[in-house]
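Below: the structure, in structure tokens.
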Amino acid sequence: MTEAGLNLPPERIPRHIAIIMDGNGRWAKKRGLPRIFGHRQGTENLRRIIRACVTFGVQYLTIYAFSTENWGRPQEELSGLMQLFHEAFANEIGELIREGVKIQHIGQREGMGADLLEKIDQAVERSKDNRRLILSVGLNYGGRNEIMHAVRKIVAAGVPAEAITEKTISANLFTAGTPDPDLVIRTSGEYRVSNFLIWQSAYAEWDFPETLWPDFGAEELRASIERYAKRDRRFGKLSENNP
Ligand code: FPP
């Protein structure tokens, strides 16, 4: 870890950052390389960003690694991505766990390979007592799919309709127990939500840096947090400074 911490009051540092890691394909294309090289470089970068979050005092990081819609990509890219996830969970997760990172999976289990699920489950189990950074990995994740699963669970539990509150829904999402994100970042200059944390990000601040994900390093993250720190979050009310 080389980067210095943030020079901000603690209440201005987002407790939970969520990231749509976009632009791997374009990063590779610009270099005349196959898309999977971009995803590999994106994985390298993820390592940097996880460590930067620890340095900056961010407590929760949620990443969108693979969406329920990503299955529509060409077979070659899908196998490359699955291979990458396997490698990451087999080889790299151990170090993160030793550094105090708690791993959580968000997404639909059905449709994912049994091998990958087993590796994920092991990482979740091995890291369950860690608290330094809570890393939620969105794999086979979609916001609408998540809400559908929550509704199914609530109905299956026999909760009476009038007893269902917003809290009931939050508590039945894949993200149950994790606070809502304060800041959502989508890299690469795309301005879309793409089915990511659609319930949880209702009051999040959004940041859309132009940088492609493999190049979005610790200093870009610092800049994004500094932009966030200048925002005036009102949660639908009036400003504290201008009541
Ligand atoms: C979006 O870029 C990125 C993805 C669909 C994959 C993100 C995955 C990683 C960064 C791998 C790291 C994750 C783990 C858990 C090891 P894109 O392909 O849509 O880029 P483009 O818009 O430029 O085509």
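Among all residues of segment 60-67, there is none that is surrounded by 21 or more Cβ atoms within 10 Å (Cβ to Cβ), small (Gly, Ala, Ser), within 12 Å of the ligand (Cβ to nearest atom) and more than 20 Å from VAL193 (Cα to Cα). Part of a strand (DSSP E or B), without any contact (Cβ under 8 Å) to a residue 24 or more places away in the chain and not basic (Lys, Arg) - does that describe any residue in segment 223-235? Among the residues of segment 223-235, not one is part of a strand (DSSP E or B), without any contact (Cβ under 8 Å) to a residue 24 or more places away in the chain and not basic (Lys, Arg), which makes the answer no. Would it be correct to say that ALA218 is over 19 Å from LEU135 (Cβ atoms), more than 14 Å from the chain's Cα centre (by Cα) and of a type in the set (A, V, I, L, M, F, W, C)? Taking the combined requirement at face value, the residue does not satisfy it.
State all residues of segment 29-40 that are farther than 28 Å from ASN145 by Cβ and near the ligand (Cβ under 9 Å from one of its atoms); if no residue qualifies, say none.
LYS29 - this is the single residue of segment 29-40 that is farther than 28 Å from ASN145 by Cβ and near the ligand (Cβ under 9 Å from one of its atoms).
Going through (1) of a type outside the set (Phe, Trp, Tyr); (2) away from the ligand (no atom under 16 Å from the Cβ); (3) farther than 23 Å from PHE89 by Cβ one by one, ALA114 falls short only on (3).
Exactly one residue out of LEU46, LEU78 is surrounded by 14 or more Cβ atoms within 10 Å (Cβ to Cβ), free of Cβ contacts under 8 Å to residues at least 60 places away in the same chain, within 27 Å of GLU118 (Cβ to Cβ) and near the ligand (Cβ under 8 Å from one of its atoms), and it is LEU46. The criterion of being of a type in the set (Asp, Glu) and more than 26 Å from LEU116 (Cβ to Cβ) does not hold for GLU146.
Each reported figure results from applying straightforward, stated rules to the coordinates on display, with no laboratory input. Being a predicted model, the structure only gives us computed values, none of them experimental. Cβ sites come from the backbone with ideal geometry, for glycine too, and all protein chains shown count toward neighbours.
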